Amino acid sequence: MTKAVISEEYRRMQQLLHETNPHYGVASVGMAPLVADIIGKLSVTAMLDYGAGKGRLGQELPRLLHKVPAITHYDPARPDWAATPSPRPFVTCIDVLEHIEPELLDNVLDDLARVTAGHGFFTVHTGPAMKVLTDGRNAHLIQQPAAWWLPRLLARFELIVFTRMPQGFWVLVERKELQG
């Protein structure tokens, strides 16, 4: 049985934010050139955008790449993209992890490890968001430094690249091979 990655109440809240706020769930646009570069270097042919928001990464990549990988979108707050995803050779998770309910973070990280068949590109914003949820909480439910995040990621992935950004960091990781 699959462990929950989002509560029903929070899923509804996220769905409403996506439907009513045109600026919510579009952070991947700024990362698209870097993602396109990585896709080219890794010769990615199929990918999963985990926590796809409005699907803007999938809209940007065709403008940046001659050969666009087959893109699967997953976002539990979008009924059309809420089906449990299958593993893909490349997984992006951009501006998602800091929005996860803290008590479900391990489930989400485990699910990311499950779906990452090869490489993953993940970003994490480590401070407060400018957006507030309908219940008054900051939209970034987890506001922790990279030193807090890295052990959680490294328990599940091999680190290839770690890069600081002004409000957080991004990592390129590789699937950890299952031990015998």
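Results for (1) in contact (Cβ under 8 Å) with a residue 60 or more places away in the chain; (2) in a loop (DSSP other than H, G, I, E, B); (3) more than 15 Å from the chain's Cα centre (by Cα), shown as yes or no for each residue.
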position	(1), (2), (3)
Gly127	no, yes, yes
Asp135	yes, yes, yes
His140	no, yes, no
Gln144	no, yes, yes
Trp149	no, no, no
Glu158	no, no, yes
Query raised in the report: Looking at Pro79, Pro102, Pro62, Pro69, which one is of a type outside the set (Lys, Arg), in contact with a strand residue (DSSP E or B) (Cβ under 9 Å, 6 or more places away or on another chain) and over 16 Å from Thr123 (Cβ atoms)?
Result: Pro69
Report task. Please work out which residue is farthest from the chain's Cα centre (by Cα), limiting yourself to the stretch 94-120 and to residues that are over 12 Å from Arg156 (Cα atoms) and part of a helix (DSSP H, G or I). Result -> Glu103
Query raised in the report: Tell me, which residue of the stretch 41-76 that is assigned to a loop (DSSP other than H, G, I, E, B) and over 13 Å from the mean Cα position of the chain (by Cα) is surrounded by the fewest Cβ atoms within 10 Å (Cβ to Cβ)?
Result: His66
Query raised in the report: Looking at (1) surrounded by fewer than 17 Cβ atoms within 10 Å (Cβ to Cβ); (2) in contact (Cβ under 8 Å) with a residue 40 or more places away in the chain; (3) within 12 Å of Val5 (Cα to Cα), can you tell me which one Ile100 breaks?
Result: (1)
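To keep it simple, each residue is scored yes or no on (1) within 19 Å of Gly53 (Cβ to Cβ); (2) surrounded by fewer than 17 Cβ atoms within 10 Å (Cβ to Cβ); (3) at pLDDT below 95; (4) touching a helix residue (DSSP H, G or I) at 6+ places or on another chain (Cβ under 8 Å).
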residue: Pro79; (1), (2), (3), (4): yes, yes, yes, yes
residue: Leu141; (1), (2), (3), (4): yes, no, no, yes
residue: Leu159; (1), (2), (3), (4): no, yes, no, yes
residue: Gly168; (1), (2), (3), (4): yes, no, no, yes
Query raised in the report: Looking at this structure, is Thr84 closer than 24 Å to Ala117 by Cβ, assigned to a loop (DSSP other than H, G, I, E, B), at pLDDT 90 or above and touching a Phe, Trp or Tyr at 6+ places or on another chain (Cβ under 9 Å)?
Result: yes
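I'd like the full set of residues that are closer than 18 Å to Lys3 by Cα and either free of Cβ contacts under 8 Å to residues at least 60 places away in the same chain or of a type in the set (Val, Ile, Thr) (or both), limited to the stretch 32-74. Even if it seems obvious, please write down each step before you answer.
Here is the first cut: in the stretch 32-74, the ones closer than 18 Å to Lys3 by Cα are 50-51, 74.
If the condition is that a residue be closer than 18 Å to Lys3 by Cα and either free of Cβ contacts under 8 Å to residues at least 60 places away in the same chain or of a type in the set (Val, Ile, Thr) (or both), then Gly51, Tyr74 are the ones that fit.
Yes/no matrix, rows are residues, columns are (1) touching a Lys or Arg at 6+ places or on another chain (Cβ under 7 Å); (2) over 24 Å from His140 (Cα atoms); (3) of a type outside the set (A, V, I, L, M, F, W, C):
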| site | (1), (2), (3) |
| --- | --- |
| Val68 | no, yes, no |
| Tyr74 | no, no, yes |
| Glu98 | no, no, yes |
| Phe122 | no, no, no |
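The values are calculated or read from the model by the stated rules, or taken from the named source; none is laboratory data. As the structure is a computational prediction, the values presented were derived from the model and not from experiment. All Cβ positions, glycine included, derive from the backbone under ideal geometry; neighbour counts span all protein chains shown.
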